[in-house]
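Following: one structure in structure tokens, then a few remarks.
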Amino acid sequence: MWVLWALLRGRGSPLRRATDRREARVALGALLLLVVVAPAAGWAGGAVADAALQRSVRAQHGERHPVDAVVVGPAGRERFAGDPEGGVERAARTWVVASWEAPDGSPRTGEVATASRPGPPGSPVRIWTDAAGHPVPPPMDGRTARTHAVLGGIGTFLLAAASVEAGRRLVVGRMERRRYARLDREWAEAGPDWGRAGTGG
């Protein structure tokens, strides 16, 4: 409300210049864009990101499968092993040497990461593998995908709002430069006669 009051202030004043009215229109247009267009852009960006991420979630759950493996021994290292898309799975994971069975029935042995502390050799451990039986990070869950989509929508909104404000500043800056240039020309024309007797009205 105070923005509209500031735009309309001095509307009937004889001191209100045409440039003031144009700047007020630019400010009002920028305000409307911030109120209407920027939120719509944020919503659209979030919706597009959510659709893409949900497709990725379905694809990962179709390609990755949980497998019960058996601990052979410790791998002797603990490091960051999270999937960038894994959400809560992005944590320090314990690596162990485990054996499991591939989808074709062939035995596999290798280093795998587990979020929980594994037991002694011979204890079971849950891992994720792809269609070929190779260990892979856990698939992204729907909640994590939704969180990423919301953050993408917020980022799109902020980008749209920043673009509107940058455009407003650019337009107002050009208008001010033109106004100052016109004032300089008028002062230059009036300068030689300024203060002389008999000049002016």
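The values are calculated or read from the model by the stated rules, or taken from the named source; none is laboratory data. All values reported here derive from a predicted model rather than from experimental measurement. Glycine gets a Cβ as well: all are built from the backbone with ideal geometry, and neighbour counts include every protein chain shown.
Among the residues of the stretch 150-168, those identified as surrounded by 18 or more Cβ atoms within 10 Å (Cβ to Cβ) and more than 11 Å from G42 (Cβ to Cβ) are V164, R168. Select from the stretch 32-51 the residues that are among the aliphatic types (A, V, I, L, M) and either more than 18 Å from L159 (Cα to Cα) or in contact with a helix residue (DSSP H, G or I) (Cβ under 6 Å, 6 or more places away or on another chain) (or both) and list them in ascending order. Result: L33, L34, A38, A41, A49, A51.
Checked against (1) closer than 25 Å to A51 by Cβ; (2) over 24 Å from the mean Cα position of the chain (by Cα), V172 passes all but condition (1).
Does the stretch 42-65 include one or more residues that are of a type in the set (F, W, Y) and modelled with pLDDT under 75? Within the stretch 42-65 (the criterion being of a type in the set (F, W, Y) and modelled with pLDDT under 75), the answer is no, since none of the residues qualifies. On the stretch given as the stretch 102-132, residues that are in contact (Cβ under 8 Å) with a residue 24 or more places away in the chain and part of a loop (DSSP other than H, G, I, E, B) total 14.
Any residue that is free of Cβ contacts under 8 Å to residues at least 24 places away in the same chain and of a type in the set (V, I, T) - is there at least one of those in the stretch 139-149?
Checked the stretch 139-149: no residue is free of Cβ contacts under 8 Å to residues at least 24 places away in the same chain and of a type in the set (V, I, T).
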